[in-house]
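Written out below as structure tokens is the structure these notes cover.
The values are calculated or read from the model by the stated rules, or taken from the named source; none is laboratory data. Predicted, not measured: the structure shown is a model, and the values here were computed from it. Positions of Cβ are backbone-derived with ideal geometry, glycine not excepted, and every protein chain shown enters the neighbour counts. When the accessible area is computed, the model is the full protein with side chains, heavy atoms only, and any ligands, DNA or RNA have been set aside. Shrake-Rupley method; radii C 1.70, N 1.55, O 1.52, S 1.80 Å.
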Amino acid sequence: MKGMSQAEVNIPTVSLNDGSEMPVLGFGTWNLEGAECIRAVREAIEVGYRHIDTAAIYKNEEAVGQAVREAIAAGDVTREELFITSKVWNNQQGDQEVQQAFQASLKRLDMEFIDCMMVHWPWPQRGLYVESYEALAKIQGLGQLRSIAVANFYPEVLEEIIQATGIAPVLNQVELHPGFSQAQLRAVHKELGVMTEAWSPLGRGDLLGDPKIVSIADELEKTPAQVVLRWLVQLGCSAVPKSSQQQRQFENADIFNFELSDEQMQAITSMDDEGGRLFQSPFEFPGEVRQ
Ligand SMILES: NC(=O)c1ccc[n+]([C@@H]2O[C@H](COP(=O)([O-])OP(=O)(O)OC[C@H]3O[C@@H](n4cnc5c(N)ncnc54)[C@H](OP(=O)(O)O)[C@@H]3O)[C@@H](O)[C@H]2O)c1
């Protein structure tokens, strides 16, 4: 590993409700494109990440696929060891559209299968989330998609898709960090057997200077990012932190050799703020349908 003396991190897996195993910590790729994305994903695989999170809207599926092919060719990893997730964007909701979007993602990734595909947002104003999720379920039966999931779903729409299809998504990837810790949604997920996966788990980096987090990090001789990611794992969540820097990728993954006490967990959970979202609410995004 360039400029690093640390050994590769062994990231544990969690069992999902369809029997798949997923590394609990994944590598986020939003905002990484082209050569920078290829480099960062290859470095993340070197660090030990085996779960990579992309989406059609990130415009980096080709780069992620290229990095994976390079890593496999170099003997760093096999395809079977990886867990690749992607997402269908809002403008491709609907039965036929999702089928086309899935094939397009597969082609851009240049892979024989995708481990997990998500409906990226429910977009309640459009009213196609059940049909879109159902379309993923149909694709799953054909062998190119292993697990089906959603992102940014709230309890009502989550319950609706499960009732309509009889299939619980393996996970719901939602905004979740100390500033917005989603206790109610996590409880619903637990009841439904859906894994909670945190996006923007580091609050995009903004939370890392918070005095509570810094003080816990000092007590444990860990970094603020490690404390936040460890908090998420101890809450029972998966998380997909992003970093373009290999040293930070390593730091973020190296969280399986220490524990937060109940008091430390509670201190971080109590930072929750109703208005703490960094992005729009899924009740509102992307809003009214324009004709
Ligand atoms: N489903 C959805 O709707 C949705 C929405 C948003 C995001 N996501 C997924 O979630 C992933 C993560 O979210 P995110 O990228 O918004 O934010 P994040 O992972 O919370 O934070 C990333 C930011 O923190 C910095 N950072 C990373 N590690 C650090 C460390 N150890 N110390 C200090 N700073 C650090 C990064 O800078 P450097 O790169 O310079 O290190 C970057 O600016 C995305 O990449 C994407 O895969 C999904």
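Some points to look at:
- Identity of the residue in region 174-185, among the aliphatic types (A, V, I, L, M) and more than 11 Å from the ligand (Cβ to nearest atom), that ends up surrounded by the fewest Cβ atoms within 10 Å (Cβ to Cβ): Ala183
- Restricting attention to region 194-217, the residues being touching a Leu at 6+ places or on another chain (Cβ under 9 Å) and under 21 Å from Asp53 (Cβ atoms) number 13.
- Any pair with Cβ under 7 angstrom, 6 or more apart, that starts in region 15-35 at a residue that is closer than 22 Å to Ile167 by Cβ and ends at one that is acidic (Asp, Glu) and away from the ligand (no atom under 15 Å from the Cβ): Ser15/Glu21
- Val98 vs. criteria modelled with pLDDT of 95 or more, crowded, with 16+ Cβ neighbours inside 10 Å, in contact with a helix residue (DSSP H, G or I) (Cβ under 8 Å, 6 or more places away or on another chain) and within 19 Å of Gly287 (Cα to Cα): no
- Selection status of Asn60, of a type outside the set (Val, Ile, Thr), within 16 Å of the ligand (Cβ to nearest atom) and out of contact with any Leu (no Cβ under 9 Å at 6 or more places or on another chain): no
- Condition broken by Gln184, with the remaining ones in (1) within 30 Å of Ala267 (Cα to Cα); (2) within 18 Å of the chain's Cα centre (by Cα); (3) in a helix (DSSP H, G or I) satisfied: (2)
- For Arg50, the conditions (1) touching a residue at least 40 places away in the same chain (Cβ under 8 Å); (2) within 23 Å of Gln234 (Cβ to Cβ) are fulfilled apart from (1).
- Qualifying position, being more than 15 Å from the ligand (Cβ to nearest atom) and in contact with a helix residue (DSSP H, G or I) (Cβ under 8 Å, 6 or more places away or on another chain), among Gly19, Gly65, Gly75: Gly65
- Output for region 29-46, where each listed residue is surrounded by fewer than 23 Cβ atoms within 10 Å (Cβ to Cβ) and closer than 18 Å to Ile114 by Cβ: Trp30
- Any hit, region 32-48, residues being under 16 Å from Ala149 (Cβ atoms) and either touching a Leu at 6+ places or on another chain (Cβ under 7 Å) or within 11 Å of the ligand (Cβ to nearest atom) (or both): no
- Residue match in region 241-251 (condition: more than 10 Å from the ligand (Cβ to nearest atom) and more than 19 Å from Asn152 (Cβ to Cβ)): no
- Failed item in (1) in contact with a helix residue (DSSP H, G or I) (Cβ under 7 Å, 6 or more places away or on another chain); (2) within 30 Å of Arg39 (Cβ to Cβ), with Gln173 passing the rest: (1)
- There is at least one residue in region 218-229 that is within 16 Å of the ligand (Cβ to nearest atom) and touching a residue at least 60 places away in the same chain (Cβ under 8 Å).
- Residues in region 186-208 that are within 14 Å of the ligand (Cβ to nearest atom) and surrounded by fewer than 19 Cβ atoms within 10 Å (Cβ to Cβ) were compared, and the one that is nearest to Ser281 (Cα to Cα) is Arg204.
- Subset of region 265-278 (residues that are part of a helix (DSSP H, G or I) and either open to solvent by less than 20 Å² (accessible area, probe 1.4 Å) or under 14 Å from His177 (Cβ atoms) (or both)): Ile268, Thr269
- Of all residues in region 153-173 being open to solvent by less than 10 Å² (accessible area, probe 1.4 Å) and not in a strand (DSSP E or B), the one that is nearest to the ligand (Cβ to nearest atom): Phe153
- Region 234-259, residues that are part of a helix (DSSP H, G or I) and open to solvent by 30 Å² or more (accessible area, probe 1.4 Å): Gln234, Gln247, Arg248, Glu251
- Among residues of region 47-76, those that are more than 19 Å from the chain's Cα centre (by Cα) and open to solvent by 10 Å² or more (accessible area, probe 1.4 Å), counted: 8
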